[in-house]
Structure formats: C-alpha cells, structure tokens
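Down below is the structure, laid out as structure tokens.
What follows is calculated from the coordinates using simple rules that are stated; it is not laboratory data. This structure is a prediction, so every number in the text was calculated from the model and none was measured. Methodologically, a virtual Cβ is constructed for each residue, glycine included, from the backbone with ideal geometry; neighbour enumeration extends over all protein chains shown.
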Amino acid sequence: MVSRGHSVWVLEEWRKNTTLVPRMIEPRLAPFSELSLHALYAILALRSEVFVVEQDCPYQDHDGKDAESLHLWYASAQGDLLAYARLLPPGLSYPEAGIGRVVTAPSVRRTGLGKELMRVAIEKTRNHWPGEDIVIMAQCYLLDFYSRLGFVTEREEFLEDGIPHRWMRLRP
C-alpha cells in the first residue's frame, strides 16, 4: 500500500534537493508475469484508492488487459508506490499502442512526477512499439496536461464510468 508518511518525506527532500530524485525514485518497467506479488498489490491498491474511492467511481478495474500489458511505476527507496501507468500493445485496447491507468499517489501530486511518468511512458511505448501512434482516453480535466506532452484531442467528449473523457493521440 502507499505509505504517505515516507512519500511526504521523499517529496520534501525532493523539493529541497532535486539531486536526490535519481537516487530515490527510479522508474521500473515489467510485464505482468514479472511483477512481484508486493508490486501487483501496490499497483492495484493505488488504482483503487484513486480511481474508485477518491473519484467515487465504482468500476471493474480488472479488465483482463493487465496480463498482456507492460507496467511502469515509480517507487520510493522504501518501495512505496508513488506513480503508475499501464502500457498497452497495439490491438489490445485500440488498434494503436496505448497508455492507460495513469495515476499518482495524492502525496506526490504537483511535484512533476506525473509529467515524468508520462515522459517515460511515452518513451517506453515508442521503444516497444516503434512507429505506432499512442492513444489515450483522457479525463477532461487533464486535457491541458496531456496536450503539453504533445497529445492532440480527437472526437467528442464522452462519459466513461460517469467521468467526462476525450480521446487523444500522439503521433510518432
């Protein structure tokens, strides 16, 4: 589970001395088959904490796509999950590659970690599926965030589990 106490300490130290970030918070990438039970539990717990509880949106998170996806996450030096994204191969959710389930722990929001998570997610998606567009279903309140990363809005707004979303695309 996310330990807010240690995450807050990491965040405070990060703000004081940004040179601590590379030593304390490193991205990890693994296919489902290589996730430890602890990592899988932490990922599912953070997704539930934010997408189900915080956003008051009961939905079926376990959609059968985790087993075929790559999982990218940042953890503190103590192993506390701070941020996560799921990288979807072409043909699994969309004809193109995709990034989904993007989430940061409440304790590290507005620190730049979400932007770093997406930068690395884009890089890893492009490395694994070169030449593919990257598609996301973005919650509407995050359109500017994703636009600054190069994503372009497509189609009309729609509701996904009662939350307004838009399709967005990043070309190679």
May I ask for the distance between the Cα centers of the stretch 97-172 and the stretch 74-95, given as a whole number of Å? 12 Å
Magnitude of the charge dipole, the chain, Cβ model with Lys/Arg +1 and Asp/Glu -1, debye to 20: 640 debye
For the stretch 47-129: rounded, prolate or oblate by the Cα gyration tensor [a/c cutoff 1.5]: oblate
How would you classify the chain from its alpha-carbon gyration tensor, with a ≥ b ≥ c the square roots of the eigenvalues: rounded for a/c under 1.5, else prolate if a/b is greater than b/c, otherwise oblate? rounded
Could you give the length gained on full extension between Asp56 and Tyr41, defined as 0.36 nm per residue of separation minus the Cα-Cα distance, in nm? 3.4 nm
Multiply the residue gap between Gln78 and Arg171 by 0.36 nm, knock off their C-alpha separation, and tell me the result in nm, one decimal place. 29.8 nm
Multiplying the sequence separation of Val152 and Ser33 by 0.36 nm and subtracting their Cα-Cα distance, what value in nm do you get? 39.6 nm
In nm, give the distance between the simple-model label positions of Glu26 and Glu160, each being 7 Å from the Cα along the Cα-to-Cβ direction. 3.2 nm
Dipole in debye (nearest 20) - the stretch 52-137, about Cα centre, beta carbon charges: Lys, Arg +1; Asp, Glu -1: 320 debye
